[in-house]
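The values are calculated or read from the model by the stated rules, or taken from the named source; none is laboratory data. Worth saying up front: this structure is predicted, and the values here are computed from it rather than measured. Backbone-built Cβ (ideal geometry, glycine too); neighbour counts: all protein chains shown. Remember, those area values only see protein heavy atoms, side chains included, never the ligands or the DNA or RNA. Shrake-Rupley method; radii C 1.70, N 1.55, O 1.52, S 1.80 Å.
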Amino acid sequence: MLARVQSSAVLGIDGIPLAVEVDNSPGIQKLIIVGLPDMAVKESQERVLAAIKNSGFRVPRGLTVVNLAPADIRKEGSALDLPIALGLLAASDQISGAALPDYLIVGELALNGAVRTVSGALPMAIAAREAGLRGILVPKVDAEEVGVVPGIGVIPIESLNDAAAFMNGTLEIVPHVTNVQSLLKDSRNGAPDFRDVRGQAHVKRALTVAAAGGHNILMVGPPGTGKTMLASRLPGILPDMSFDESLETTQVYSVASSVSDGRRLIVTRPFRAPHHTATTVAISGGGSGQRPVPGEVSMAHNGVLFLDELPHFDRGALEVLRQPLEEGLVHIRRAMYSVTFPSRFILVVAFNPCPCGCRNDPRRNCRCTPAEIQRYMNRLSGPLLDRIDLHIDVPALSFDELNAEQDTGPSSAEVREQVQAARDIQQTRYNGKFRCNADTDTKAVRKHCKADEAGAKILEQAMNQMGLSARAYDKVLRVSRTLADLEGVPDITEAHIAEAVQYRSMDREMF
């Protein structure tokens with residue numbers, strides 16, 4: 001008898017519909033799996049047969065062929081265990097196959113028939129909804145994650161017996177629905193506050209500009225001046241994530257098997273801070289295996305990627321940042337696959353002004369020679385630094401600043417209101433074409449970022465004296481547009497251009 005079960009695979013962060021076709025016929029006792037399976041899928045026959053036997057069913061007799069279609073897509077992982085098992089039971093007339101075409105089924109089987117978690121359950125559920133299916137059978141532990149997808153019935157399954165009984169109509173399982181509004185409401189709980197940082201008012205101002213316009217920012221200063229502390233508070237002043245942003249971010253983490261907190265919707269903007277020993281593959285994604293995994297640039301999607309001690313990162317790992325910074329995507333091509341991961345984030349980099357960190361610190365003497373400083377700075381990629389909008393100095397704090405009983409600066413909530421107001425202006429201006437000022441193309445810059453006559457003169461002087469590139473020129477205009485949006489004014493003035501140029505001063509002083 002022939003049975004057909006709907007299932008799914010994951011390519012990048014997208015679910016790909018698969019069909020598990022099972023044919024059972026008289027012949028020698030043998031189970032064959034075809035359709036380009038990897039080793040994990042090939043080994044599934046041992047798990048599936050043991051789970052069937054230990055769940056009280058009989059192992060199908062005769063020759064059984066399992067075809068995974070389409071045959072030209074590599075099938076990986078253990079998510080096909082449950083659909084294969086149900087296909088075997090339907091092909092051997094042990095369960096009814098009438099309801100199988102209405103549901104997409106995924107899940108790994110234990111030897112006792114229990115259903116275990118799988119990676120990428122969320123994009124699989126989205127694929128089921130787009131295919132017009134009635135619902136999806138998923139491991140119970142994944143139901144909270146998958147339940148955020150509207151328009152699809154999520155059936156939590158604990159064992160092969162539950163799945164078989166549900167297909168026979170003898171067990172009623174209420175579809176699981178995750179309370180998305182409750183998750184979004186709690187998105188700010190426990191977030192670090194701007195007021196925890198003493199002093200550094202000008203750095204906080206620069207971070208506010210970065211958040212308002214989606215600009216990348218560079219911080220340079222001696223050790224212990226608060227660079228990491230400041231960077232970690234940037235997600236807290238960014239606008240709240242929309243449902244679509246949360247869903248897309250959760251897809252990335254689902255594929256990477258990194259969804260935490262009970263495997264639910266990610267509602268806080270990611271903050272990723274890889275160590276400087278991270279490899280190129282760890283930053284960009286991919287991997288040596290047959291299944292590509294997202295890298296740090298994708299794990300930071302819709303959030304912040306923080307690279308501390310920038311000169312110590314591998315040069316190749318830094319160069320792969322160029323494409324994500326320009327396109328908001330990272331394309332990974334290997335011999336066995338070609339995938340694209342989303343990677344739109346705010347880049348924050350920090351480093352010391354010299355190897356010992358004491359250069360430009362008035363209270364400590366620098367021990368580095370000019371040659372050592374030059375070698376240290378030569379580790380930085382000029383093209384990468386050119387893609388960073390804001391350069392800001394983070395000086396050492398005085399005793400009075402550190403010993404102050406209370407910082408008078410604004411809280412994260414207050415700054416976030418300013419940022420949200422500026423983002424609202426940008427959304428109205430671009431009407432959905434661009435997310436924020438930092439994303440605008442050259443045509444939009446020429447249209448929306450025009451400087452007045454006095455501002456144009458300042459920008460001309462900066463170009464001549466600092467040697468700004470054409471990319472840096474556009475970035476100054478974009479930052480000026482953001483400064484005007486923070487003030488709620490329609491026109492870019494001389495003061496906006498002057499402040500934006502000031503954020504490029506390190507082009508002249510250090511690079």
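Ranked highest first by average number of other Cβ atoms within 10 Å, how do 3-14, 266-277, 168-179 line up? Write out the running numbers ahead of the final one.
Details: 3-14: 23.5, 266-277: 18.9, 168-179: 13.0.
Result, highest mean Cβ count within 10 Å first: 3-14, 266-277, 168-179.
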Placing each pseudo-label 7 Å from Cα in the direction of the beta carbon, residue 327 and residue 165 end up separated by a distance in nanometres of 5.0
Residue 421 and residue 400 label points (each 7 Å along its Cα→Cβ direction) are spaced in nm at 3.0
Taking 0.36 nm per residue of separation between residue 338 and residue 431 and subtracting their Cα-Cα distance, the length gained on full extension comes to 30.2 nm
The alpha-carbon center of segment 77-120 and that of segment 294-337 are separated, in whole Å, by 37
So residue 30 and residue 202, fully extended at 0.36 nm per residue minus their Cα-Cα distance, gain in nm 54.7 nm
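Largest first and in whole Å, what are the equivalent-ellipsoid semi-axes of the chain based on the Cα gyration tensor, each being the root of 5 times an eigenvalue? Could you put the intermediate results ahead of the total?
Details: eigenvalues 560, 107, 86 Å².
Equivalent ellipsoid semi-axes, largest first: 53, 23, 21 Å.
Report in % the part of the accessible area of segment 63-182 that belongs to carbon and sulfur, leaving out ligands and nucleic acids; probe 1.4 Å.
Details: 2150 of 4280 Å².
Percent of accessible area from carbon and sulfur atoms in segment 63-182: 50.
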Summing -39500 (n - 2.57) over every DSSP H run of at least 4 residues in the chain and dividing by its residue count gives a helix-only mean residue ellipticity at 222 nm, to the nearest 500 deg cm²/dmol, of -10500 deg cm²/dmol
The base-10 log of I(q)/I(0) that the Debye equation returns for segment 47-103 at q = 0.13 Å⁻¹, one scatterer per C-alpha, is -0.36
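Averaged across orientations, what area in nm² does the convex hull of the alpha carbons in segment 45-144 project? Spell out each step's value before the answer.
Details: hull surface 27.1 nm².
Its Cα hull, projected and averaged over all orientations, spans 6.8 nm².
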Share of accessible surface on carbon and sulfur in segment 293-345, whole %, 1.4 Å probe and ligands ignored, is 47
Set 204/227; 433/475; 53/75; 30/53; 204/457; 227/475, cut-off 21 Å on Cα-Cα distance; pairs above it are 53/75; 204/457; 227/475
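How many percent of the accessible area of segment 357-426 is carbon or sulfur, using a 1.4 Å probe?
Details: 1940 of 4050 Å².
Answer for segment 357-426: carbon and sulfur cover 48 percent of the accessible area.
Counting heavy atoms of the protein chains only and a 1.4 Å probe, report the per residue accessible area for the chain as a whole number of Å².
Working: 21970 Å² over 511 residues.
Accessible surface, normalised per residue, equals 43 Å².
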Protection proxy (average C-beta count within 10 Å per residue), highest first, orders 348-355, 72-79, 292-299 as 292-299, 348-355, 72-79
Counting only DSSP beta bridges fully inside segment 98-176, the antiparallel percentage to nearest 5 is 25
Of all DSSP beta bridges with both partners in the chain, the antiparallel percent, nearest 5, is 45
For the chain, longest principal axis from Cα atoms; helix 243-255 axis from its Cα atoms; angle between them, nearest 10 degrees, is 60
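Figure the gain on full extension for residue 367 and residue 411 (residue separation times 0.36 nm, minus the Cα-Cα span) and round it to one decimal in nm. All intermediate terms of the calculation are to be shown ahead of the outcome.
Details: separation 44, 0.36 × 44 = 15.84 nm, distance 3.81 nm.
Length gained between residue 367 and residue 411: 12.0 nm.
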